[in-house]
Amino acid sequence: MARAEGDIKEPMNEQAIANVYASMRNEINQIYSKITELEMEVSEHSLVVNAIKPLDPSRRCYRMIGGVLVERTIREVLPAVQRNKEGLEEVIARLNEASEKKKKELAEFESKYKIRIRKGDGEMKDESKKEGNAQGVLVGPAGSN
């Protein structure tokens, strides 16, 4: 999905550019957070599968479905847990693709507006006022709000 602010309407000033840039970085960070959360769920599903696979398929087990604990057999639960795990892995793959796409858009935005990240106190400055031929926006670290 293309950014409406960057493609249709050009940002008018440095602050608008910095805001769009921060928003893009925030989106990438949110995607990474979701990927991490889903990877933990996949790990939990793997633990469950490994724990119940060697057991007798007719043995009773309990599964939480929508906040309700239901009694089933391992024969019924194991395929469902494996399907859920596969579904989570597919979602993670799609989120990784989205993340790569967003990183590419961010890199294009950085090169278009000559954005450089300054390691330090996090203030935003315009380099074009100090150097006559350099035009760009200097943005502080992501977590400096």
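The values are calculated or read from the model by the stated rules, or taken from the named source; none is laboratory data. These numbers come from a predicted model, not from an experiment. When we count neighbours, we look across all protein chains shown, and the Cβ atoms used for this are built from the backbone with ideal geometry, even at glycine. Accessible surface areas use protein heavy atoms only, side chains included; no ligands, DNA or RNA. Shrake-Rupley method; radii C 1.70, N 1.55, O 1.52, S 1.80 Å.
Counting 0.36 nm for each residue step from Arg63 to Met12 and taking away their Cα separation leaves a gain of 12.9 nm. Per the Cα gyration tensor, the stretch 5-96 maps to an equivalent ellipsoid with semi-axes of 45, 11, 10 Å, ordered largest to smallest. For Arg118, the residues whose modelled amide H falls within less than 5 Å of its own, excluding neighbours fewer than 5 places apart on the same chain, are Val139, Gly140.
About its Cα centre, the stretch 1-117 has a charge dipole of approximately 240 debye under the convention of +1 per Lys or Arg Cβ and -1 per Asp or Glu Cβ, with nothing else charged.
The solvent-accessible area of Lys112, taken with every protein chain present and a 1.4 Å probe, is close to 110 Å². Using R0 = 30 Å, the C-beta based FRET efficiency linking Thr73 and Leu95 works out to 0.35.
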